[in-house]
Amino acid sequence: MTRFPLLFVFGLGTDDPLSQLEQAQQAIFNGHAAGVVFLSTADGFGSGVVVAADGRIVTNAHVVRGAEDVTVVLKDGRRVPGKVIERAKKLDLALVKIDVDDLMPLTLDSNPETVGVGSWVASIGHGRGGIWTFTTGMVTNRYSDGTTSVYQTQIPVNHGNSGGPVLDRTGKVVGVVTAGMTN
């Protein structure tokens, strides 16, 4: 029996589905990582999603806790001060503002129907303090109360990923990573 090297059998061209998957995932990371920031306070750290070029960033309320001032690190290495300007009343969300006007905002998907059980999703964040980590998985369940949708995923996340974006296969933000849900 003749054995062929694995690369010969599967090839490296466009016929290789794993190569196509790698290229698609790398394109999502490379095209969207600049829209994710590292946030830190005296009490901890987490991730944030740039939602406007003028310096508005969404994160989890539990990331900023009671702090009014945060330090924000951008993908290009700039470290800038930020202010917590809003906290949601019923959701684990907060809005941070920095005085930078050349940010790359990520596109928010306002249609919760685009993601369902089995949908591919990814997250860019700062798990365990590792900067700009990229993890992938799928949606394993979806809960909705009619006004708010929550997606359970199998994306491996760690302390520090909270507040980062959950992206669909087109790179749109379909959610924000949070530590967990309780009733």
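The values are calculated or read from the model by the stated rules, or taken from the named source; none is laboratory data. Note that the structure is a prediction, hence the values are computed from the model and not measured. Glycine gets a Cβ as well: all are built from the backbone with ideal geometry, and neighbour counts include every protein chain shown. With ligands, DNA and RNA removed, areas are computed over all heavy atoms of the protein, side chains included. Shrake-Rupley method; radii C 1.70, N 1.55, O 1.52, S 1.80 Å.
Annotations
- If the condition is being among the polar types (S, T, N, Q), part of a loop (DSSP other than H, G, I, E, B) and open to solvent by 60 Å² or more (accessible area, probe 1.4 Å), then the stretch 137-173 contributes THR147, GLN154, ASN158, THR170.
- Residues that are farther than 14 Å from LYS97 by Cα, crowded, with 16+ Cβ neighbours inside 10 Å and more than 13 Å from the chain's Cα centre (by Cα), drawn from the stretch 24-40: none
- All positions within the stretch 117-130 that are modelled with pLDDT under 90, assigned to a loop (DSSP other than H, G, I, E, B) and either among the aromatic types (Phe, Trp, Tyr) or surrounded by 14 or more Cβ atoms within 10 Å (Cβ to Cβ) (or both): none
- Subset of the stretch 71-81 (residues that are within 19 Å of the chain's Cα centre (by Cα) and open to solvent by less than 90 Å² (accessible area, probe 1.4 Å)): THR71, VAL72, VAL73, LEU74, GLY77
- Scanning the stretch 54-70 for residues that are among the charged types (D, E, K, R) and either within 18 Å of ASP43 (Cα to Cα) or surrounded by 17 or more Cβ atoms within 10 Å (Cβ to Cβ) (or both) turns up ARG56, ARG65, GLU68, ASP69.
- Tabulated pairs, the stretch 125-148, first in contact (Cβ under 8 Å) with a residue 60 or more places away in the chain and of a type in the set (S, T, N, Q), second open to solvent by 70 Å² or more (accessible area, probe 1.4 Å) and assigned to a loop (DSSP other than H, G, I, E, B), C-beta under 9 angstrom, 6+ apart or interchain: THR136/PRO156
- Scope the stretch 88-103; condition farther than 22 Å from ILE155 by Cβ and open to solvent by 70 Å² or more (accessible area, probe 1.4 Å); matching residues: LYS89, LYS90, ASP99, ASP101, ASP102
- Residue satisfying all of: in the stretch 105-116; at pLDDT below 95 and in a loop (DSSP other than H, G, I, E, B); least open to solvent (accessible area, probe 1.4 Å) among these: VAL115
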